[in-house]
Each structure stands twice: as C-alpha cells, then as structure tokens.
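The values are calculated or read from the model by the stated rules, or taken from the named source; none is laboratory data. Just so it is clear, the model here is predicted, and its values are computed rather than measured. Note: ideal-geometry Cβ built from the backbone for every residue, glycine included; neighbour counts use all protein chains shown. Surface accessibility is based on the protein's heavy atoms, side chains included, excluding ligands, DNA and RNA. Shrake-Rupley method; radii C 1.70, N 1.55, O 1.52, S 1.80 Å.
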Amino acid sequence: MKTLESIKRELKEYDGKDIKIMEVCGTHTSSIFKNGIRSLISSRIQLISGPGCPVCVTASSYIDRLLEYALKDNHCVLTFGDMMKVKGSKLSLTEAKAMGGNVKILYSPLSAIKAAIKSPDTQFVFAAVGFETTAPIYALMMEEIIKNGIKNLRLMTSIKTIMPAVSYICVNEENIDAFLCPGHVSVITGSSLYREMALKYRKPFVIGGFDGEHIIAAIYEIVRQISSKEYDMKNMYQSAVSSEGNQKAKALIDKYFEVADDYWRGIGIIKDSALRLRPEYKDFDAGSTTSEDVDITPPGCKCTDVILGRITPAKCPLFGGACTPLNAVGPCMVSSEGACGIWYRNSEV
Amino acid sequence: MKINMSHGSGGKQTGDLINQIFLKHFDNNILNRLEDAAVLDIKGKIAYTTDSFVVTPLFFNGGDIGKLAVCGTVNDISMMGAIPKYLTAGFIIEEGAEIEDIDKIALSMKLAAEEAGIKIVAGDTKVIEGHGGIYINTSGIGEIAKEGISISSCQKGDAIILSGNLGDHHAAIMSGRMEIENNIKSDCAPLTSIVKNLIESNIDVHCMRDVTRGGLATVLNEISSASSCGVEIYEAVLPISNEVKGFCSILGLDPLYMANEGKMIAVVPDNQAETALQAVRKSKYGENAQIIGRVVDGSGVTMVTTLQGSRILDVLYGEGLPRIC
C-alpha cells in the first residue's frame, strides 16, 4: 500500500501525456480549491469543472416564471439563497424583492410546509431546484403536503439528473479524458451506471468523496488507469456508495417524479435528464421546467463553454472584469457552487 | 404583555418601561440622574465607536441580542488597546414585542456590561410599527491604555495569534434559524481580559482585530491590504471544534468565513509570540488560542492546507448561504 506522501509525490512529478479530468460536481470544485489540490499535482493534470451546479443549468425562463409569482398579489416564492441573484430574462428574485415582490429564503425545504400552514391565505410557490441528491427531500415534501392536506403550497421544480449530462459531454466533447464523479449523487444513484459509461466511452469514471485525501486518491486512480490504458469505474467512496444506490430514496423519488427531457441552460435539450412531478400530482405543480424552456445568454458570457469543460472560468473574457460575484453576468458566477464563482473567490486566475 | 405604540409616546407608559426595565437593570450613578446627557470623567485619549444589532433570532444558544450589543461595542473599543468605560444603548422596538423579552435582554446587557467593566450611562427607546422585532444600537468609549495599535502596523515576521475556536457564533445562529438541535453555543463574550493580559505582559502588540462578520479570512485580508504585506496561515493549527466542522461540512459552509462574536487576532513581534500566546491562553475566553500564521513578504492571504497544498483566501463575497446540493 502506498502512503499519501508517495502518492502526492508521484502526482506532482507526473510527466506523462496531458490529462484533462472533469469534476462533475460543484462540491468537488470547491474542495479542490479549499485543499489547494492544484498546487499538489503536476500541471500536466488539468482539473476542469463540469455541469454540477443546479442553479447554473436552470433556464432563464424558469426564473421568469418565479418572478411572475413573486410579484403577484397574495403569492410568495420560497427559495434557497443560491437562486436569489440569478437573472431571468430581465430581473433576478433579489431585484423583484426590492420592487416589493414577496420572496423568502429558506434553509430547509420542510420549513416551506410550516410557512404554508402558518399563512393559509397566501399561495406559496417553492423553487425546487437541484440534482438527484435533493430529489428525495422534495419527494418527502410532497408526502407532507399531501398528508397535511395543504392546498396553498406548490412546487416549481427544476430537478436535473447528472448522468444524461455526463453522457452528453462524453458524446459531444472529446477533450475530457476522465471523470471524477460526485460522491453524494452516487449515494442515491449507485455506482453501476458509471461502470456502463466507463466501458462504453472508454474513460475512467472514479467516484470520490469530498475530503482532500479522497480527491487526491481519486486523481491518482485516474492517472493510474490512463497510464495503464484501463478504463473502468472505480468506487473510492465505498463507505457511502453502494452499486445499486439508495433503494428507499429511489422508490420515494419514483412515487412522485417521472423522468423527462429537459432544457439545460448553456447546453440545450438533454433527453431524459429531469425529474418532473407525475401527471397525477399536476395540482401541486406551479410550472416546472420542460424541454420547451428557453434561455437568454448575456452577450460575451461563456458559461456554456465553462459548463461543458471547454475552457476554465479564467479564460472567459468577462471573468473578473465585467463579471464578478458582486456583479454577476452569467449563472456560473452567481451560485456558490458555480465554477466561475468558486474560481473567483479563490483567486486562482 | 406586549409593546404597543403608546410605549413609545414619551408619556406614562414610556416612563414605566424605562423605570421598570432599563433603570432597574442598568442602575448606576450616572444613568440614574436622568439628565439629557451623561457627564463623564475621562483621562487622556479615548477610543469611541458605535454598532447596531439586528440579529434574528433574538435569543440563541449561548447568548441574545443584548449580550451581543454590549460585547460587540466593548470588543471594538478593546481592539484599539483601550479599556472600555461607558456605553450608550438605543432600542428600536416594533409593536408586538414581548415586554418579558425586553426584560431578559436588558438583564443580559447588565451582566455583560458588568463582566466587561463598562457602565451603561445613557439610552433611548423608540417604538415603531411592525411584528415584534427588537433592534439595538450601542456606542461606547474607552480609555486608551496602549497607543499605536493599528491595522496598518503589522510587520514582516510578526506572529498572528487567534484567541480560540472559529465559527461557533455563526453556527449557533444558523442552527437557531434552521431549527437544528445541537450543542453549538455562540462564543459571544467580551475580550477585555485577553487585551488586559496582553498589555500587562508588556507585549508590543502591533495590531488587534475582533474576528466578526466576514470571518478570519476577511480580517486577514484587511490586514494584508492596510499593512501592505502578505499573510500566511496554517490550516492544521486552526482551532475549530469537531461539532462546527461537522455542521459546516453538511451545509457547505466554510469556518474561515463565518462570523464570531468573542474571538480576536493579535499580531505581535515574533520574539514575543510565545509570551503573548501564554498571556492569551491564561485569559478568560483565550484558552484555545493558537499561533496560526505569520506576516510575510508579498500581498494577499495564503493558507498552507493540511495536505500541504496552497490555497489563496480572498475576502467574503456576498453572504455565506447553505448550498442546495
């Protein structure tokens, strides 16, 4: 068994062919900065951020629908903080709030239930944005809404699934050599899907946890596979990820949601890439995302190229000048999990 | 009983509120005269500051808005090498606030003021329409005990001492707002004992700063910018409780950017670092102090991570919100 020190040394001294690794998840991007991982590995190993920030890939027309509710009498939009500053076609929820719109930031989805019970005369719309990780909580929320007979709380979902997006990148973007796969999404989805992808696209798919040591170990495994021309799924987060995933969570998701095509901001339509409320729950749906959603890309914004791993955030001409976290042009700069915002805050230009 | 608009009328009910709560708790020979302004004895140079407190919830694990309002201003005075002497308190109270809560808050202010050795010598109360909110402004003055302490006085080679664990206040407030049950307590406390011990140990303190909003990373950036120097800190020695670490990893928060209300850094000459560290550690609220880094050449703040990687720490942008995935 190798020690952490010898693994770090090998990664720092690596001088084989250039390797581009996409970290799919924003939490990985953040942890890579927090642990100073780039300073520990050879410059021949490039870490590229992927589409793993739900706020960044949500269409602007979805935000416009939220804004309409925020500005409508007797209505209140409930959202996580991340969504507040993302612009729709014209305004953000922060700006709508300043205009007198009714928007409240939640810290937990279940507090939406409390809000709805407390104010029965207000119609609440909950912005249910996220990936597979958040979907079981939204399903639980549906259980509570139905159990408590709540009539004044609906969900506007934008729940994306990561696997179709990764497939899309494998098919359309040839420059990515390997994927560092998110531990927490994998807890729900299981690891077996990644094996199919690894074999199909002949690229390493390594599931890693979020600590610095986990990430170093995952990068080392990727480099090892590429050097020995192996291409497989390797689960290095076995304490939490099983091959079949969390069956209970999957069953709960399945009860309320069905798979559907969806529009991804910056990418376009990806087949079977969303979880949408089943038709029998349409009364609880306030206008969830569909493949008919549309997007307005601000002039000069390269969020698409960032999400698809074509460029690092610093290569965008707006980065750090016209576009900063305090005056964000594109969604990747707004969200705390967005690649541009993480790069900017960590000043690794 | 609840506050209504007549408590702010300036008439009988205002007088009752002042007598039965504020005078009862804040009781001292200057305030009790009820003049239009307090007349104070002060020697030499003074440090003078003000701060407003709008925290929700009003009561949280480890403190409340009253304790915060006293400690916040006391600590700002202390960071200038001053001994806090006199405090004023202005209350803006929304109708619907519970009088019992105001009584608890005033009691908590009295206890914090006693601990910090400061007298509350003037005050004001206003009632506005609303939903039971309470906001407090305090201002305070202190007598300078050691001159020359400044954010722009840090020198290359200086050691940076952090007085204790990071993130407790922020995590306690977030837990209160999110109704998460845990044992994390706000660190809200006066830093007077630490400052007194540093000065009495004849440490040539270059700079002191309380680590409040924006967290340690933001404060260190302010130092780097004001003193035109670089700052290097070491992740492995940063004091953070396991409970706060766990809380942060679940919610995607970073203790380096979280607010504290009873923590400070002291920047001291390298050859006095050990003596200064011992002076802080023997003080009340300083027992977990650590030397966390150095002032270095260059600019900006860099952290050597536990893995020996290098991470650049910028100031906090926007608000530290919990992530959604």
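So here's what we get for this one:
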| item | result |
| --- | --- |
| Distance between segment B:185-215 and segment A:195-231 - C-alpha centres, whole angstrom | 47 Å |
| Distance (nanometres) between label positions extended 7 Å along Cα→Cβ at B:Ile30 and B:Val54 | 2.8 nm |
| Accessible-area composition of segment B:1-149, carbon plus sulfur, in percent [1.4 Å probe] | 53 percent |
| For segment B:5-144: Kirkwood Rh in Å [reciprocal of mean 1/r, alpha carbons] | 15.2 Å |
| Amide hydrogen neighbours beyond the local backbone of B:Val55, cut-off 5 Å, H modeled | none |
| Between helix A:4-13 and chain A: long-axis angle, C-alpha atoms, 0 to 90°, nearest 10 | 80 degrees |
| Viscosity 1.306 mPa s, 10 °C: Kirkwood-radius Stokes-Einstein D of the protein assembly as shown over Cα pairs, µm²/s | 58 µm²/s |
| Of all accessible heavy-atom area on segment A:303-345, the percent that carbon and sulfur account for (1.4 Å) | 53 percent |
| Restricting segment A:114-202 to GluC sites (Glu not before Pro) in coil, as DSSP defines it, with at most 11 other Cβ within 10 Å | A:Glu174 |
| DSSP bridge orientation in the protein assembly as shown - percent antiparallel, rounded to nearest 5 | 55 percent |
| Interchain or long-range residues, amide H under 5 Å from B:Lys45's placed H | B:Ile144 |
| Vicinal HN-Hα couplings computed from phi for segment B:16-32 (Karplus, 6.51 cos²θ - 1.76 cosθ + 1.60; Hz; Gly/Pro x) | 4, 4, 5, 5, 7, 10, 5, 5, 4, 7, 7, 2, 7, 5, 7, 5, 4 |
| FRET efficiency, A:Lys255 to B:Leu40 (Cβ-Cβ, R0 60 Å, nearest 0.05) | 0.30 |
| Accessible area that becomes buried as A packs against B, both chains, 1.4 Å probe, Å², nearest 100 | 2400 Å² |
| Angle in degrees between helix A:162-172 and the longest Cα principal axis of chain A, rounded to the nearest 10 | 50 degrees |
| For chain A: relative contact order, % (alpha-carbon pairs under 8 angstrom, 6 or more apart) | 21 percent |
| Å² per residue, accessible surface of segment B:31-84 at 1.4 Å | 51 Å² |
| Fraction of antiparallel bridges per DSSP, chain A only, in percent to nearest 5 | 25 percent |
| Within the accessible area of segment A:39-171 (1.4 Å probe), percent carbon and sulfur | 54 percent |
| Separation in nanometres of the label points that stand 7 Å from Cα toward Cβ, at B:Ser9 and A:Ser192 | 7.6 nm |
| Antiparallel bridge percentage (DSSP; both residues within chain B; nearest 5) | 75 percent |
| On Cα atoms only, tilt of A:192-201 relative to the major axis of chain A in degrees | 60 degrees |
| Debye equation applied to the C-alpha atoms of chain B, log10 I(q)/I(0) at 0.08, 0.10, 0.12, 0.15 Å⁻¹ | -0.39, -0.60, -0.84, -1.21 |
| Value of [θ]222 nm, deg cm²/dmol, for chain B, DSSP H segments ≥ 4, -39500 (n - 2.57) each, nearest 500 | -8500 deg cm²/dmol |
| Partner lysines for A:Lys234 [C-alpha distance under 25 Å; skip if fewer than 8 residues away on the same chain] | A:Lys2, A:Lys8, A:Lys12, A:Lys17, A:Lys20, A:Lys34, A:Lys160, A:Lys200, A:Lys203, A:Lys248, A:Lys250 |
